[in-house]
Structure formats: structure tokens, C-alpha cells
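Engineer: I have a structure I would like to understand better, so I am pasting it below and will then ask my questions one at a time.
Where a number appears in this text, it was derived from the coordinates with a stated rule and is not lab data. Since the structure is predicted, the reported quantities are computational estimates derived from the model, not experimental observations. Virtual Cβ from ideal backbone geometry, glycine too; neighbours counted across all protein chains shown.
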Amino acid sequence: MNYRNFGNIDFKPSALGFGCMRLPQLEGEDNRIDEPEATRMIRHAIDQGVNYIDTAWPYHQGESEPLVGRILQDGYREKVALATKMPSWLVEKSEDLDHFFNSQLERLQTDHIDFYLLHALNQGHWDKYLSIKVFDWAEKQMADGKIRHLGFSFHDEFPVFERILKGYDYWDFCQIQYNYMDTNYQAGERGLKMAAERGIGVVVMEPLKGGKLAIEEPPQVVKQAFSKAVKDWKPAEWALQWLWNQPEVGLVLSGMSTMEQVELNLQSASRSGVNSLSPEEVQTIKDVRQSWQGLAPVACTHCEYCLPCPSGVLIPQIFAIYNNAVMYDQQGRGKRVYESDIPAERQADACVECGTCEELCPQNLTIIEYLKDAHQYLG
Ligand SMILES: NC(=O)c1ccc[n+]([C@@H]2O[C@H](COP(=O)([O-])OP(=O)(O)OC[C@H]3O[C@@H](n4cnc5c(N)ncnc54)[C@H](OP(=O)(O)O)[C@@H]3O)[C@@H](O)[C@H]2O)c1
Ligand code: SF4
Ligand code: SF4
């Protein structure tokens, strides 16, 4: 296993961390984890040097934390840094913080959490946490030794990330969605670099875009881009190595669902290193990214020059959902994300065709027409 730097923290995380959100299931039911197999996988990863285990209150409908607590018995707890998260969407008042945190210590059978995150921060959750003085609470837990390091995971637009990062002086680490297709999405590459410059460790989640970058039979154009590569790596390894190549990346969390994936990712991690990719290998990833992007219906770069739309239409966010759904052939998922992430009054059909955005778009996109297409596909 290779170990890496992690912001200003005196801890060297393994290049690969174990994300406990996609553990093997019985009969495809999310809340029925195959416990013997999950135990074998997680303990094997730890035996091979993985020293960071990530779970959270809602994973596997609440079953992940208690299971991780059981798996880390027999001396395994002492071998790892344990990360879990405050379920931000369930917290309403300051007393809730103690309630969830104490339950988590019990579920995980531990007296402290090494890396504690405020889960899925966005503007709304951030405002709520400030109003209930979450940092007074967290600093007390840290003084009592119950939390060793405080961080947050993030799902919102970059300006919100910047606000949160700069809104508290003592963050130790953060967790962001980042992979070679999501360099300009949410915190993105800008967020990664900004955190690293401030000495904040960065944990990468969704390194394989939830598995989409690991499929072994991608569309033909993507396959072709891989076929020109000098190395015969599987798609998953290309995606992971691209991350490990970057000095700002602390550790990469993968949610592995089979022992085979654990083995492959452990092997990849042992081959990894900062700046270890050759220029040709970096070019392969660029070509692969371009071939995926060629499948996207809208060549939007998410620059946001078109915002704010006077009618409130969330133009780049809508195009991102539309592009993802078409590229990865996931219309159903795209529809669900469109409904949950874009408020009805800000969806594409709120466009009144004033044309302001088209004048501002550096890509000269026919935004009005594309919005109609997107709404037809996702609405
Ligand atoms: N804080 C948050 O808001 C948040 C959000 C998302 C994730 N997370 C955390 O971050 C972790 C990582 O995110 P993620 O689970 O989305 O990671 P990911 O690595 O992008 O996706 C995991 C999926 O990729 C596939 N996979 C993994 N290794 C593979 C390999 N070698 N070959 C082929 N397929 C492979 C598997 O898909 P199949 O099961 O389809 O085979 C697996 O379920 C999560 O487990 C969770 O702990 C946190
Ligand atoms: S054309 Fe539509 S999307 Fe563009 S600024 Fe006007 S209302 Fe907004
Ligand atoms: S200005 Fe154009 S490229 Fe930029 S986010 Fe808006 S639609 Fe996308």
C-alpha cells in the first residue's frame, strides 16, 4: 500500500480508502448487507494496508454503521481511522447533534470518531448549522477527545464550497466528488486546489462516478480511445490512477461491492503515486474524457457566464443532468435527479426566451432550444 499526505494533518492515509455505501447485498436489497462477505472484504483491505474506513448514518438504510462497528471488532478498530458523518438533513436543533453523534458512537462501538464530517453540506445545511452553533458543539467534542478531526462532505455549486471552506478556520479536511469527468462540477478541480492550498486534506468520493467510469464495455468511441493507450489497464484503474497522480488528492474512497473490485483497487493503489503517470498516459485520459464528452448533447462547459437567468432557470445545472443522463444512458436516473435537484420553478420550462443567456454564452450555444430538448427528455 502507498500512503499519502493529507493537508496539514499528522496522518498518512492509505491511497485507497474503503467507502461503506455499496457493500454486497442479499437479494439486491439495500438494507440487507451480506455480512460475511462484507466482513471478508473490509478486513482483507485493512490487512493489505487500507487505514481509512468511511461510513455514514443513512448508508444501507442505517445498516452500514452498525455493521462497520461489528467488522472493526477483534483488533481492527485500532488499525484504522474511522470516518462517519452528521446527517445534516435530519438535524433541526442543537440537541439533535448530541442525539445523532451519541447514537453513532454506540452503533460503531467506539468512544471516538477519527474523522467526523458534516454530511452533504449545501447552502441550506450550512445556514442551519451556523444558526445552531454547530462549531461550539464540535469543538466541545474535540476537547473531550470524541472527535479527532472535523471536516465536511459537499454537494452544491463551487461558490458555496468556497464560502464554507472560508467560513470556518479550523476545518481539517473535506470530502468532494471528483473524477476525470467531474473536474468542473460542484467543488471540482478549483475546489480541490483551493482546499489543498489552505492545508485542508481532501478525500475524493465517487472516483469512478459511482461505477460509470468502470464499465468494461463502454460506448464504442470510448473503447477506441482506451485502445490507443500504452498500458492495458481496465477503465477503473485509469480513473483511479488519474486521481492518485495529483498531489492535492489525499485519499481516494471507493465503494467496492465485490472482493474482485477490492483486489483490483488494492493492486492499483500499490502501483500509484503522485506524478507517476507519463505524458502519454495523461493524454489517454484526456482522449477518453473527450470521447465521453462527445456523447453529450450539449457542449456546455459549466462556466456559468449565462447566470443569473432573469427567470431563475438553472441553465448549467440542467445541462449537466441532461448530458449525464444521455451519455451514460440513464434517462430514469436523470429524471429523478432533475425532479429532486432542480426546483420546479427553476426548471427548463420556466424559460421565457428573452435571449439574454445566449448573448453571454462563450460557446455560442442555442440555449433556448437545448433547454426545450432537456425538458422534453427529463421532465
Ligand atoms: N459524503 C457524501 O455525500 C458521499 C456521497 C457519495 C459517496 N460517499 C462515500 O464515498 C464512497 C465512494 O463513492 P462511490 O461508492 O460512489 O465510489 P465509486 O468508486 O465512484 O463507485 C463505486 C462503484 O464502482 C464500481 N467499482 C468499484 N471498483 C471497481 C472496479 N475495480 N472495477 C469495476 N467496478 C468497480 C462498483 O459498481 P457496481 O457495484 O455497480 O459493480 C461500485 O459500487 C462511498 O462508498 C461513500 O463512502 C459519500
Ligand atoms: S432565454 Fe430563457 S434561460 Fe436564457 S436568460 Fe432568458 S429566460 Fe433565462
Ligand atoms: S454560458 Fe454557455 S457554456 Fe457557460 S454555463 Fe451557460 S450554457 Fe454552459
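Engineer: Which percent, to the nearest 5, of DSSP beta bridges fully inside the chain are antiparallel? Kindly include the intermediate steps, with their values, before the conclusion.
Structural biologist: On the way: 3 of 31 bridges.
Here the share of antiparallel DSSP bridges comes out near 10 percent.
Engineer: While we're on this one: Cα gyration tensor of region 166-299, axes a ≥ b ≥ c as square roots of the eigenvalues: rounded (a/c below 1.5), prolate (a/b > b/c) or oblate?
Structural biologist: Since a/c reaches 1.5 and a/b is larger than b/c, the shape of region 166-299 is classed as prolate.
Engineer: Using label points projected 7 Å from each Cα along Cα→Cβ, tell me how many nm separate LEU105 and ARG163, to one decimal.
Structural biologist: 3.3 nm
Engineer: Then there's this: Given a 10 angstrom Cα cut-off, can you work out which residue in ILE53, ILE42, ILE368 is the most mobile in a GNM of the chain?
Structural biologist: ILE368
Engineer: Another one. Suppose a student asked you for the relative contact order of the chain, using Cα pairs under 8 Å spaced at least 6 residues apart; what percent would you report? Before the final figure, lay out the partial values.
Structural biologist: Working: 640 pairs, mean separation 55.7, N = 379.
Rounded, it is 15 percent for the chain.
Engineer: Taking a ≥ b ≥ c as the square roots of the eigenvalues of the Cα gyration tensor of region 3-92, is the shape rounded (a/c under 1.5), prolate (a/b larger than b/c) or oblate?
Structural biologist: In terms of gyration-tensor shape, oblate.
Engineer: Using 0.36 nm per residue of separation minus the Cα-Cα distance, give me the extension gain between GLN220 and ASN364 in nm, one decimal.
Structural biologist: Extending this stretch completely gives an extra 49.0 nm.
Engineer: Separate question: Through the Karplus equation 6.51 cos²θ - 1.76 cosθ + 1.60, θ set to phi - 60°, convert the phi angles of region 80-88 into ³J(HN,Hα) values in whole Hz; use x for Gly and Pro.
Structural biologist: Whole-Hz 3J(HN,Hα) from phi for region 80-88: 10, 8, 9, 10, 9, 9, 6, x, 3.
Engineer: Let me ask you something else. Pop out the ³J(HN,Hα) list for region 347-359 in order, Karplus 6.51 cos²θ - 1.76 cosθ + 1.60 with θ = phi - 60°, rounded to Hz; leave Gly and Pro as x.
Structural biologist: Along region 347-359, the couplings run 6, 4, 6, 7, 5, 9, 6, 6, x, 4, 5, 5, 5 Hz.
Engineer: Once the other residues with Cβ under 15 Å from the Cβ of GLY355 are scored (Lys, Arg +1; Asp, Glu -1), what is the net sum? Let's see the in-between values first.
Structural biologist: Numbers: positive: LYS372; negative: GLU353, GLU358, GLU359, GLU369.
That works out to -3.
Engineer: May I pose another question? Net charge around SER311, counting only other residues with Cβ within less than 12 Å of its Cβ (Lys, Arg = +1; Asp, Glu = -1)? Walk me through the intermediate numbers first.
Structural biologist: On the way: positive: ARG346; negative: GLU345, ASP349, GLU353.
Charge balance near SER311 sits at -2.
Engineer: Tell me, how many Å apart are the Cα centres for region 52-99 and for region 261-320?
Structural biologist: Between the Cα centres of region 52-99 and region 261-320 lies a distance of 30 Å.
Engineer: Continuing with the same structure: Which order, highest average first, do 13-23, 61-71, 293-303 follow once you tally other Cβ atoms within 10 Å for each residue and take the mean per peptide?
Structural biologist: 13-23, 61-71, 293-303
Engineer: Give the long-range amide H neighbours of ILE147: residues separated by 5 or more places, or on another chain, with amide H under 5 Å away, using H modelled in the peptide plane at 1.01 Å from N.
Structural biologist: Here ILE113, MET142 satisfy the definition.
Engineer: Turning to a different aspect of this structure: Too long at a 18 Å Cα-Cα cut-off: which of LYS12/LYS212; LYS193/LYS234; LYS209/LYS234?
Structural biologist: LYS12/LYS212; LYS193/LYS234
Engineer: What is the chain by shape, rounded, prolate or oblate, if you read a ≥ b ≥ c off the alpha carbon gyration tensor as root eigenvalues and call it rounded for a/c under 1.5, prolate for a/b larger than b/c, and oblate otherwise?
Structural biologist: Because a/c hits 1.5 or more and a/b fails to exceed b/c, the chain counts as oblate.
Engineer: Under a 5 Å amide H to amide H cut-off, with H placed in plane at 1.01 Å, what residues pair with LEU121 once short-range neighbours are removed?
Structural biologist: Those lying under 5 Å, H to H, from LEU121 are SER153, PHE154, HIS155.
Engineer: Under a Cβ-only charge scheme (Lys and Arg +1, Asp and Glu -1), can you give me the dipole magnitude of region 315-378 about the Cα centre, in debye to the nearest 20?
Structural biologist: So the magnitude is around 280 debye.
Engineer: Normalised by the number of residues in region 167-225, what is the relative contact order in percent for Cα pairs under 8 Å and 6+ residues apart?
Structural biologist: Values: 52 pairs, mean separation 21.2, N = 59.
Relative contact order comes out at 36 percent.
Engineer: Are there cysteines in the chain with no other Cys C-beta under 4.7 Å, and if so, which?
Structural biologist: Singleton cysteines: CYS20, CYS174, CYS300, CYS303, CYS309, CYS351, CYS354, CYS361.
Engineer: Moving on. Kindly express, to the nearest 10 degrees and within the range 0 to 90, the angle between helix 279-293's C-alpha long axis and the longest C-alpha principal axis of the chain.
Structural biologist: 60 degrees
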